[in-house]
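Peer 1: Following this message is one structure expressed as structure tokens.
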Amino acid sequence: MGDGSGVRPWLLRRVARGAWVVLLCLGLAQGAYGAPSVEEIVVNVSRAAGHLPAEMGFRQEVQLRVLFLMWKFQSLVVRQNGEYLVETRGAPDFLPQGFMASLLEVGDALTNYELEIVGEERNGRGEPVYRLTGRRRHGSQGALGGILWINGQTWLVERATLEYDWGTLELHQEFHKVGGYTVLRSQRATASLLGARLTVEYQDYWFGNDDMIAREDH
């Protein structure tokens, strides 16, 4: 009988490669099986938003840059039963009406859109983030459509690219806890309108009917 020492390493390499292929396929199948559906994502995002009280308010401190020009202004916001009442003071005339309110509606009323999951990735903290595209249903209000990046642990919208009649808005959002509620801390946005860049800081939160409960001062 001949020496089989030259055959065994070759067989071992084939077996090892086959094992890796099997493990990879199992991992992909498990990832696909564990991925939430669009309906589950919408429910989780709505549930996260539903943790906020029916009545609350805060202030938006805004810095807007267009080329070498800069404006600073603020908005006072009251949220009642899921709707935002916004009073903006000192904004430039070219800013579209309702623009500051549109910054608050990201992730609201997802049922008004035809949504599709187009990808999954990880953020800087290693948390899963689902990328969804959507178009507004006929007769609904809000952005015409766009892309959302939704955190699969917090169910908050971390990024968005939104389409409006006036152009496109690129948005990044950061959150923190105030008085036990998870709320916006800041937003960074770029609007195709005149190439405007905005930084929005959220301050002086109050919840319920008592003025300045759990106030966050800066």
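The values are calculated or read from the model by the stated rules, or taken from the named source; none is laboratory data. Worth saying up front: this structure is predicted, and the values here are computed from it rather than measured. Neighbour counts run over all protein chains shown; Cβ positions are idealised from the backbone, glycine included. With ligands, DNA and RNA removed, areas are computed over all heavy atoms of the protein, side chains included. Shrake-Rupley method; radii C 1.70, N 1.55, O 1.52, S 1.80 Å.
Peer 1: Each residue of region 195-202 in turn: what ³J(HN,Hα) in whole Hz from Karplus with 6.51, -1.76, 1.60 and θ = phi - 60°, glycine and Pro shown as x?
Peer 2: Couplings: x, 5, 10, 10, 10, 10, 9, 9 Hz.
Peer 1: Here's another thing I want to ask about it. So what's the Cα pair-distance distribution over region 34-153, bin width 10 Å, in %?
Peer 2: The distribution over region 34-153 is 11, 34, 33, 20, 1, given as percents.
Peer 1: Another question about this same structure. DSSP loop (so not H, G, I, E, B), at most 16 other Cβ within 10 Å: list which trypsin sites (Lys or Arg not before Pro) in region 96-140 pass both filters.
Peer 2: Sites meeting the loop and neighbour criteria: Arg125, Arg137.
Peer 1: Next question, about the same structure. When Lys and Arg each count +1 and Asp and Glu each count -1, what net charge do the other residues less than 13 Å away from Glu158, Cβ to Cβ, add up to?
Peer 2: So the surrounding residues net to +2.
Peer 1: Regarding region 67-212, what whole-number volume in Å³ per residue does the convex hull of its Cα atoms give?
Peer 2: So the per-residue Cα hull volume is 134 Å³.
Peer 1: Right, here's the next one. At 1.4 Å probe size, with no ligands or nucleic acids counted, give the accessible surface of Val38 in Å², nearest ten.
Peer 2: 30 Å²
Peer 1: How would Thr168, Thr161 rank on accessible area, largest to smallest, probe 1.4 Å?
Peer 2: Most to least solvent-accessible, the answer reads Thr168, Thr161.
Peer 1: Continuing with this model, one more query. Label-point separation (nm) for Leu69 and His172, each offset 7 Å from Cα along Cα-to-Cβ?
Peer 2: 2.6 nm
Peer 1: First select every other residue whose beta carbon is under 9 angstrom from the beta carbon of Gly145; then total the charges, Lys and Arg +1, Asp and Glu -1.
Peer 2: Local charge sum for Gly145: 0.
Peer 1: Keeping all protein chains in the complex and leaving out DNA, RNA and ligands, what accessible area do you get for Glu39 with a 1.4 Å probe, in Å² to the nearest 10?
Peer 2: 130 Å²
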